[in-house]
Amino acid sequence: MTLAATTARGRATRERIVRAASELIRERGSAATSLDDVLERAGASKSQLYHYFEDRDALLRAVVDHNADLVLGGLPPLDGWRAIRSWFASLVEVQQACGGCGGCPIGVLVGQFAEADEPARQGLADAFARWEAHLRAGLRSMQLRGKLAATADVDALATATLASLQGGLLLTQTTRDPRRLEVALGAAYEHLRTNGPGL
């Protein structure tokens, strides 16, 4: 059974193990990441690993949660045209800084876990649902303030925006060309603007 970390030291150890697994999976993929690799990167022992995680699958599910919090915990309010444009620009800058490597910390896990681990797939689905909800809340706020047409379908716009972002990140990761993300987000922004009356 997986145990919760109840002390500050225990929480730090558990977080170190999860962070190490997340980094290695992003660098190599889950298939090429062994538990020994994770322990070496984390500077942890097997007894510590199995104290917090029942097995490798439990650790991988913790990586899903960790990556979701990593991405979604830092999302800015997206309740205005300038805020959306600024967020899109920051996403492109991140990809430029890393040379188009890595992809989306959540998206890269889909192909590795979604078909093989139902709880992990659900965790990924929940992460994307949280992301869409954040986008939807910002768009709805804009709609209430007259920055987005009253007839705009904010649910569909949130889904389309997230799809453009994920597709752009995937193309950027495979081509190592951040311009792919820039083009995808530019199209997403133009699509959003067709539903709203200016700045």
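Descriptive notes on the structure:
- Scanning the stretch 119-142 turns up one or more residues that are more than 14 Å from the chain's Cα centre (by Cα), in contact (Cβ under 8 Å) with a residue 12 or more places away in the chain, surrounded by fewer than 21 Cβ atoms within 10 Å (Cβ to Cβ) and closer than 22 Å to Ala31 by Cα.
- Total residues in the stretch 62-85 satisfying the condition of being over 13 Å from the mean Cα position of the chain (by Cα) and exposed (fewer than 13 other Cβ atoms within 10 Å of the Cβ): the figure is 3.
- Residue within the stretch 151-158 that is assigned by TED's automatic domain parsing to the domain that holds Gly103, on the phi < 0 side of the Ramachandran plot and under 18 Å from the mean Cα position of the chain (by Cα) present: yes
- Test for Ile106: is it under 30 Å from Thr6 (Cβ atoms), modelled with pLDDT under 95 and of a type in the set (A, V, I, L, M): no
The values are calculated or read from the model by the stated rules, or taken from the named source; none is laboratory data. These figures come from a predicted structure and were not determined experimentally. Cβ: placed from backbone, ideal geometry, glycine included. Neighbour counts: every protein chain shown.
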